[in-house]
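Here is the structure we will look at, set down as structure tokens.
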Amino acid sequence: MAGLPILRLSVLPHPLKPRHPKLHPLLPHRPPPLKTPSPPISSSYSPTPATDRLISAASFFFPLFNGLQYGRFLFSQYPILAAPFKPIIPLLSLYHSVPYASFVSFFALYIGIVRNPSLSRYIRFNALQALVLDVLLVVPMLIQRILSPGQTGLGLKLTIWGYNALFVFLVACFAYGLGCSVLGKTPHLPFVAAAAGRQID
């Protein structure tokens, strides 16, 4: 068998296993680059200035002063409900002692605050909500004068129920608007915020 050629087989790499280049022992090994995490997005928060809160909170006293008359039936039936309003009785007396105080206050808020472009939207929006709420409280009074439901029977009961419901709605809106204004948040009064937003925007 000395005359037969010797066949040498070379082992081929497996097609599914890629060949990785061998690193030279003298060369430094470079690790793969690490991905640096992106910095978190910081949300800028600007608190509502104290002046804006004060003016917005004061605006909600306007519909309260004009709408306290709707609580007369509840006050006569439950006198304890009038206790929270005793601190503002001097302001209320001063307000009603001025001739045409409601008329003057309405246009003062509308022209001096709502239509004042130098003031922030926060103040103008809340002041307009107070004005719209005051207008809504005037509508039931006009309906009562037109229909004259009477002082006895079913007409009186409907008047009492309507007054009580309006008073509860007014106090709830006042407390909500005043609390949000003190905290620097934007209140959205029911039946009011949508109309005020359209006028401001």
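Among (1) loosely packed, with under 11 Cβ neighbours inside 10 Å; (2) part of a helix (DSSP H, G or I), where does Q151 come up short?
(2)
Taking the range 47-64 only, how many residues are in contact with a Ser or Thr (Cβ under 6 Å, 6 or more places away or on another chain) and open to solvent by 30 Å² or more (accessible area, probe 1.4 Å)?
Let us first name the residues in the range 47-64 that are in contact with a Ser or Thr (Cβ under 6 Å, 6 or more places away or on another chain), namely 52-53, 56-57, 62.
Cutting the leftovers down to open to solvent by 30 Å² or more (accessible area, probe 1.4 Å) gives us 53.
Selection size over the range 47-64: 1.
Name the residues in the range 84-101 that are within 22 Å of C173 (Cβ to Cβ) and either in contact (Cβ under 8 Å) with a residue 40 or more places away in the chain or loosely packed, with under 10 Cβ neighbours inside 10 Å (or both), would you? Step through it out loud before you land on a result.
Filtering the range 84-101 down to residues within 22 Å of C173 (Cβ to Cβ) leaves 84-89, 91-92, 95-96, 101.
K86, P87 - these are the residues of the range 84-101 that are within 22 Å of C173 (Cβ to Cβ) and either in contact (Cβ under 8 Å) with a residue 40 or more places away in the chain or loosely packed, with under 10 Cβ neighbours inside 10 Å (or both).
Filter the range 161-179 for residues that are loosely packed, with under 14 Cβ neighbours inside 10 Å and not small (G, A, S); which is modelled with the highest pLDDT?
Once the filter is applied, the top-ranked residue is V168.
So the check is Cβ under 9 Å with 6+ separation or different chains; which pairs have a first residue in the range 47-72 that's within 17 Å of Y122 (Cβ to Cβ) and among the acidic types (D, E) and a second one that's open to solvent by less than 10 Å² (accessible area, probe 1.4 Å) and part of a helix (DSSP H, G or I)?
Filtered contacts from the range 47-72: D52/I123; D52/N126; D52/S181.
Can we say K185 is charged (D, E, K, R) and not in a loop (DSSP other than H, G, I, E, B)? I'd like the intermediate steps shown before the answer.
Details: charged (D, E, K, R): yes; not in a loop (DSSP other than H, G, I, E, B): no.
Against the criterion (charged (D, E, K, R) and not in a loop (DSSP other than H, G, I, E, B)), K185 does not qualify.
Applying the selection to the range 42-93, what residues are polar (S, T, N, Q) and under 26 Å from the mean Cα position of the chain (by Cα)?
Initial filter on the range 42-93 (polar (S, T, N, Q)): 42-44, 46, 48, 51, 56, 59, 66, 69, 76-77, 93.
Residues satisfying the conditions are S42, S43, S44, S46, T48, T51, S56, S59, N66.
Might you check whether a residue that is in a helix (DSSP H, G or I), open to solvent by 80 Å² or more (accessible area, probe 1.4 Å) and either modelled with pLDDT of 60 or more or hydrophobic (A, V, I, L, M, F, W, C) (or both) occurs anywhere in the range 31-42?
Checked the range 31-42: no residue is in a helix (DSSP H, G or I), open to solvent by 80 Å² or more (accessible area, probe 1.4 Å) and either modelled with pLDDT of 60 or more or hydrophobic (A, V, I, L, M, F, W, C) (or both).
Taking the condition of being over 28 Å from the mean Cα position of the chain (by Cα), within 15 Å of F61 (Cα to Cα) and not hydrophobic (A, V, I, L, M, F, W, C), how many residues in the range 94-118 meet it?
2
If you scan the range 102-129, which residues turn out to be free of Cβ contacts under 8 Å to residues at least 24 places away in the same chain, surrounded by 11 or more Cβ atoms within 10 Å (Cβ to Cβ) and of a type in the set (S, T, N, Q)?
Hit for the range 102-129 is N116, nothing else.
The values are calculated or read from the model by the stated rules, or taken from the named source; none is laboratory data. Here the structure is a predicted model, which means the values were calculated and not measured. Quick reminder, even Gly has a Cβ in these numbers, built from the backbone with ideal geometry, and neighbours come from all protein chains shown. These area figures cover heavy atoms from the full protein model, side chains too; ligands, DNA and RNA do not enter into them. Shrake-Rupley method; radii C 1.70, N 1.55, O 1.52, S 1.80 Å.
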